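A quick write-up on the structure given underneath.
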Amino acid sequence: MRDNPLVLHVLGARPNFVKAAPVVKGLAELGIRQGIIHTGQHYDALMSDVFFADLGLPEPVANLGVGSGTHARQTAALLTGLEDVVLEHRPALVVVYGDVNSTLAAILVCAKLHVPTAHVEAGLRSFDREMPEEVNRVVTDALSDLLFATSPEALSHLSNEGVDPAKVHLVGNPMIDSLFAALPKLDPAPVQERLGIEGRYAVATLHRPANVDDPQAARELVDAVLGVAEQVPVVVPLHPRGRQRLAEAGLVDRPHLKIVDPLGYVDFLSLVRGAALVVTDSGGVQEETTMLGVPCLTVRPNTERPITVTHGTNRLVTPASLPAAASKALADGATTPSGELPPLWDGAAGPRIARVIEAWLRGDSLSPAAQSRVSSR
Ligand code: UD1
Ligand code: UDP
């Protein structure tokens, strides 16, 4: 092992921060030298700073400030910024998270510089290449040296794509670790009071390009959300991406519909914990509602997280079917087909990942038996 090897985490967007916090904590507990590179893909205080505070993440060692742009422009800025920073810090391993453009760029830079990489949340597939995230997932997994899977179906997806199974570790879900850690702080009452919500309510989050970029799709979605608001008051902490298009389509404050800025992590999950229903197109929110046992209607034709349907409270809907599905969910409450949570969603994914990384840094290649010991701890 190199003397005192450095692990760098590349983070850029809201869900990255949530997934990284337990890994950073796990590595810190093992005394491994590490640092965060913030790419600046998300930069508003409510999309970034609030997560560092709520999740107890250390200050980044660098912020590249890449900001927003088309896919090509944003990715180009990420590539040049990350190349400089990786050359400067010479990490032994770079850890990337999820499926955002910052993840893709970090993997490409490291592959060309021959710097080893680990991907947390490997192997998720929607099989929908029109999603920019799906492209990022496929490329990232093809180039990663260590792949950390959050749910079992990821293993077959990776094997079907020719990824060497020896690189893959089923470790559970670090986003669920963060949720476990936050649970004692999740109190709906203060957030409800601040937002002026009384009684039963639903929470909606919408930001997928397929839903919010096209005016016609946005109008259909807003009409559907208004159909839900006829049944129960709906609060929408609105992602900046959809704000203008959805407002033009009619998603504005009105009786039973409250549009607010994105919420901090603890405030948002507090609100979700107290909700009768969640309507979303987020990836992570499908998992968090499964864990919290809150009914979730996902307005998408597919999900890369089918385990939240088979083992959780999640159902896929179209805009046309949303109002009726909401009525049923409000009447039935949370129901889960399997009656049990996904395997290893137990709050210990971060320490599992940290142990695999520690062994990898030592140069130990884990045998399948050792891997299963790591997974079951
Ligand atoms: C990105 C990810 C998506 C993830 C989402 C999490 C990609 C391709 N997409 O989508 O997978 O689900 O983050 O939230 O990486 N904006 C602001 N302030 C910010 C950040 C963004 O106003 O702090 C606005 C800008 O107008 C920007 C737009 O949001 O153009 C989109 O931001 P971007 O990071 O490109 O993609 P997201 O839609 O956030
Ligand atoms: N989230 C939040 N505030 C909000 C909306 C979402 O803290 O107003 C959290 C949510 O709990 C989850 C993460 O942001 O942990 C999910 O991010 P997002 O939906 O933006 O991205 P995706 O998961 O779709 O990639």
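The values are calculated or read from the model by the stated rules, or taken from the named source; none is laboratory data. None of the values given here were measured: they were computed from a predicted structure. Cβ atoms come from the backbone with ideal geometry, glycine included; neighbour counts cover every protein chain shown. The accessibility values were calculated without ligands, DNA or RNA, using every heavy atom of the protein model including side chains. Shrake-Rupley method; radii C 1.70, N 1.55, O 1.52, S 1.80 Å.
Between S321 and E193, the contour length at 0.36 nm per residue exceeds the alpha carbon distance by 42.9 nm. Among F17, F180, F127, the sequence by solvent-accessible area, most first, with a 1.4 Å probe is F127, F180, F17.
Largest first and in whole Å, the equivalent-ellipsoid semi-axes of the range 237-367 read 33, 19, 14, each the square root of five times a Cα gyration tensor eigenvalue.
Axis angle, to the nearest 10 degrees, between helix 132-143 and the longest C-alpha principal axis of the chain: 20 degrees. For the chain, DSSP calls about 0 percent of its internal beta bridges antiparallel.
Only helical runs count toward this figure. For the chain, summing -39,500 (n - 2.57) over DSSP H runs of n ≥ 4 and dividing by all residues gives -13500 deg cm²/dmol at 222 nm. Extents of the range 42-184, taken as max minus min of Cα coordinates on every principal axis and listed largest first, are 43, 38, 33 Å.
Accessible surface for the range 151-206, divided over its residues, is 45 Å² per residue with a 1.4 Å probe. Answer rounded, prolate or oblate for the range 151-287, using the Cα gyration tensor with square roots of eigenvalues a ≥ b ≥ c: rounded when a/c is under 1.5, else prolate when a/b is larger than b/c, else oblate. In terms of gyration-tensor shape, oblate. Each of A189, V260, G363 was placed along the dipole of the chain (beta-carbon charges, centred on the mean Cα), and the one lying farthest toward the positive end is G363. Binning at 10 Å from 0, report for the chain what percent of all alpha-carbon pair distances ends up in each bin. Reading the bins upward from 0: 5, 25, 34, 25, 10, 2, 0. With a 1.4 Å probe rolled over the protein heavy atoms of all chains, the accessible area of H9, H239 falls in the order H239, H9, largest first. Within the range 158-212, the GluC sites (Glu not before Pro) that combine a DSSP coil assignment with at most 10 other C-beta atoms in a 10 angstrom radius are E198. Applying the criteria of a DSSP loop state and at most 15 other Cβ atoms within 10 Å to the trypsin sites (Lys or Arg not before Pro) of the range 51-132 yields R129.
Applying 1/(1 + (r/R0)^6) with R0 = 35 Å to the Cβ-Cβ distance of V135 and H89 gives a FRET efficiency near 0.80.
The lysine pair count for the chain, using Cα distances under 27 Å and pairs eight or more places apart or on different chains, is 8.
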